[in-house]
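Q: Quick one: the structure is below, questions incoming.
No lab work stands behind these numbers, since they all come straight from the coordinates. Given the structure is predicted, the values throughout are model-derived calculations rather than measurements. Reconstructed Cβ throughout: ideal geometry from the backbone, glycine too, with neighbour counts over all protein chains shown.
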């Protein structure tokens, strides 16, 4: 929890994607994990169009970190994917200045999966855990990606960018496709993804979406460990709003209703049928802008590390 909180609380000028990758790699290697880091050249060669597009406006290029904990005889394989936007200005679809300082927390998902895979190793869980942290800064500049651009995700699907501030789903889709190449038995993705999560559930309750049985299981575990998860649906009509004439899908719908659910529908497009998966939207819970309460400090909270560890323990027990 402290590792995740420390990463989130580090000032964004001190934590560009390369620095995050270095810190995560050092901590993971100390824990005995196998680590791979893709720099901007490797990302370009492999076709990670979402990560590269989001990171194109920053002078500090993106990274993708893969951390692999593999015990001797794993009973299952779990993939973790965490959003790592080291600072989010909104890009050319720029955010209002008030509150933008809190966007230092937009890498909370990447911090959480980094901490969780290290915890899995420390606990010697009898399952394989592979964590992916797609890292980028979303900045406005002459080289930034634009509303109207069409990007090609890793794996080949195309996306018409209608709003550059819906960037989290772009880096996550690339990482989700890569994670599924490891043939996991379960996939958990977490991100500070939508303001709609805060509107729907407040600042202390994460939204849990995805495969219904796995989603419901995680939501219960989240409440048991004090992180307040709540199961939410992904209605079929949410996908319809992402239809686009220029690409396989658009990154937003101009219909603002159900924004948290629509973002989950976007991510679902990149998850293979039949794979138990869950999307944890922690836009509010990952960063406490108010006073400390209970064991939750101001600033980075470490949510949803407890939930993901509990879920890994539950999978291992079963």
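Q: Counting alpha carbon pairs within less than 8 Å and at least 6 residues apart, what relative contact order, in whole percent, applies to region 118-194? Intermediate results must be reported in sequence, preceding the final value.
A: Details: 50 pairs, mean separation 19.4, N = 77.
That works out to 25 percent.
Q: Can you give the Kirkwood hydrodynamic radius of region 123-189 from its Cα pairs, in Å with one decimal? Write down the numbers at each step before the final one.
A: Values: mean 1/r = 0.0718 Å⁻¹.
After inverting the pairwise mean of 1/r, the radius is 13.9 Å.
Q: Continuing with the same structure: P(r) for region 2-317: what percent of alpha-carbon pairs falls in each 10 Å bin, starting at zero?
A: Computed distribution, short to long bins: 7, 31, 39, 21, 3, 0.
Q: May I pose another question? Could you tell me the relative contact order of the chain? Use alpha-carbon pairs under 8 Å, at least six residues apart, and round to a whole percent. If you can, show how the numbers build up before the last one.
A: Values: 787 pairs, mean separation 69.5, N = 318.
Here the relative contact order equals 22 percent.
Q: Counting helices only, and only those DSSP H runs with n ≥ 4, report the 222 nm mean residue ellipticity of the chain as the sum of -39,500 (n - 2.57) divided by its residues, in deg cm²/dmol to the nearest 500. Could you put the intermediate results ahead of the total?
A: Working: 11 runs with 112 residues, N = 318.
When only DSSP H runs of four or more count, the value is -10500 deg cm²/dmol.
Q: Another one. Which order do 182, 243 fall in if you start with the one that has the fewest other Cβ atoms within 10 Å? Walk me through the numbers on the way to the answer.
A: Values: 182 15, 243 11.
The fewest-first ordering by Cβ neighbours comes to 243, 182.
Q: Determine, for 270, 186, the number of other Cβ atoms within 10 Å of each Cβ, and report the residues in order from fewest to most. Kindly include the intermediate steps, with their values, before the conclusion.
A: Working: 270 24, 186 21.
Neighbour counts put them in this order, fewest first: 186, 270.
Q: Quick check on the exposure proxy: order 279, 160, 153 from fewest to most C-beta atoms within 10 angstrom. Can you show the working numbers first?
A: Values: 279 32, 160 19, 153 25.
Ordered by Cβ neighbours within 10 Å, fewest first: 160, 153, 279.
Q: Also: As an exercise, find the ratio Rg/Rh for region 1-135 from alpha-carbon atoms, using the Kirkwood inverse-distance average for Rh. Working shown, then result.
A: Values: Rg = 15.2 Å, Rh = 15.3 Å.
Over the Cα atoms of region 1-135, Rg/Rh equals 1.00.
Q: For region 255-318, just the Cα set please: Rg and Dmax, both in angstrom.
A: Cα radius of gyration and Dmax of region 255-318 are 15.3, 43 Å respectively.
Q: Let me know the whole percent of all Cα-Cα pairs from region 95-147 that are separated by more than 13 Å. Intermediate values should be presented prior to the final figure.
A: On the way: 962 of 1378 pairs.
Taking all Cα-Cα pairs of region 95-147, the fraction more than 13 Å apart is 70 percent.
Q: I'd like the Kirkwood hydrodynamic radius of region 36-103, using the inverse of the mean 1/r over distinct C-alpha pairs, in Å. All intermediate terms of the calculation are to be shown ahead of the outcome.
A: Working: mean 1/r = 0.0687 Å⁻¹.
Kirkwood hydrodynamic radius for region 36-103: 14.6 Å.
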